[in-house]
1. Residue by residue through segment 264-274, what is 3J(HN,Hα) from phi via Karplus (6.51 cos²θ - 1.76 cosθ + 1.60, θ = phi - 60°)? Round to whole Hz and write x for glycine and proline.
2. Do the sum for the chain: with -39,500 (n - 2.57) for every DSSP H run of n ≥ 4, divided by all residues, what is the mean residue ellipticity at 222 nm, to the nearest 500 deg cm²/dmol?
3. Quick check of the Kirkwood formula: for segment 1-89, what is the inverse mean of 1/r over all pairs of different Cα atoms, in Å?
4. Starting from 0.36 nm per residue, how many nanometres of slack lie between residue 45 and residue 145 once their C-alpha separation is accounted for?
5. Which of 289, 263, 50 moves most in a GNM of the chain, Cα contacts under 10 Å?
6. Would you mind counting up the charge near residue 213? Only other residues with Cβ under 11 Å from its Cβ, with Lys and Arg at +1 and Asp and Glu at -1.
7. Around residue 17, under 10 Å between beta carbons, what's the net of Lys plus Arg minus Asp minus Glu among the other residues?
8. How about segment 217-284: which trypsin sites (Lys or Arg not before Pro) there lie in a loop by DSSP and see at most 14 other Cβ atoms within 10 Å?
Amino acid sequence: MTDIKSMTFFELENYIESLGEKKFRAKQLYDWMHKKLARNFDEMSNIPKNLKQKIKDDAGMCSVKEVAHLTSDIDGTEKFIFELYDGSIIESVLMRYKHGNSVCISSQAGCRMGCRFCASTIGGLTRCLEPSEMLDQIYHIQHETGERVSNVVVMGTGEPFDNFDHLIRFLDLLTNEKGLHISQRNITVSTCGIVPKIYELAEKKLQITLAISLHAPNDEMRKELMPIANKYSIQEIMDACDAYVAATNRRITFEYSLVKGVNDQPEHARMLIQLLRGKLCHVNLIPVNPIEERDYQQSTKESIYEFQHLLEKQHIRATVRREMGRDIQAACGQLRKRYIEKKGV
Ligand code: SAH
């Protein structure tokens, strides 16, 4: 299907002209889709009926459909389960911070990376999302809540670098001044470390934040947690990150999920320090969210804070991620999985 919501402004202009229509219709359509966040063609009041019909006959407009919506009693975090046009299920999370609203989006329905602690990968990959389906998670949430979304993190289900071209198009549309115009600096993309794509992203010289899911200070341990570590070594990731920093001057975030008795010991912190010393980076420590299929447990509060302290003492900035929406299974693909299993939440 030709999807007009994934088209750039100029592509839309060309497309509209190819239908024998005037160029200014493209501007109107683009406005409805990317600024006024119209949920369907019916809302587009200044577009003639026959043009809407022409587009419907020839193409379409991908939108996500909300099928479940939960709000956390603890911190107001909201979780959305969306159905796509082919029945695939994805999830997104809205988190409210003092500095603004942040939406965590999915880049794929399912995932094929196989990280041992992650719920999103258990059912494998269904398919990659269209650029419009990534955008529409944000559009729907902003439209529904009436609150501006200022930050976007691509950290939901899926590996964004396994859907690279659509990711780049999505970033282009999201930051475009004719659309929501979200600042590149307010966008974070998280990857398990697909090295060639880190170099490709570096070449684009975007000002987004790159987050690398490291989770282990050496290859041996990383292989136990993440199959992708069999393909790329930590050294290869570090070299790619250096290239990324050289090209963009952006600080890299390293994510490190702490698993009790596996990667949370002081010796692991020391190895991590060796690895990261002198780099323009920041470490985000994530207390692992236990999932029922595996018996990984969360580290104790003491070992989490000791780990953080050891890094900070060596001038490596480290923060512990606040857990949000725990009561609504907001973490890491858990609600999506439950929804698919039970067909309802
Ligand atoms: N595929 C991308 C983005 C999605 S996951 C990536 O690997 O980075 C977003 C982050 O959550 C990653 O750092 C991932 O490793 C982490 N994560 C996944 N499941 C988790 C769990 N159960 N507990 C803690 N962190 C988890």
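Bear in mind that the values in this text are calculations on the coordinates, not laboratory data. All values reported here derive from a predicted model rather than from experimental measurement. Cβ atoms come from the backbone with ideal geometry, glycine included; neighbour counts cover every protein chain shown.
1. Taking θ as phi minus 60°, the curve returns 10, 8, x, 5, 6, 4, 5, 5, 5, 4, 4 Hz for segment 264-274.
2. Helix contribution divided over all residues of the chain: -11000 deg cm²/dmol.
3. Values: mean 1/r = 0.0683 Å⁻¹.
Result for segment 1-89 stands at 14.6 Å.
4. The residue 45-residue 145 span can extend by a further 33.8 nm.
5. 50
6. On the way: positive: 222; negative: 159, 255.
So the surrounding residues net to -1.
7. Taking every Cβ under 10 Å from that of residue 17, the sum is +1.
8. 231, 251, 277
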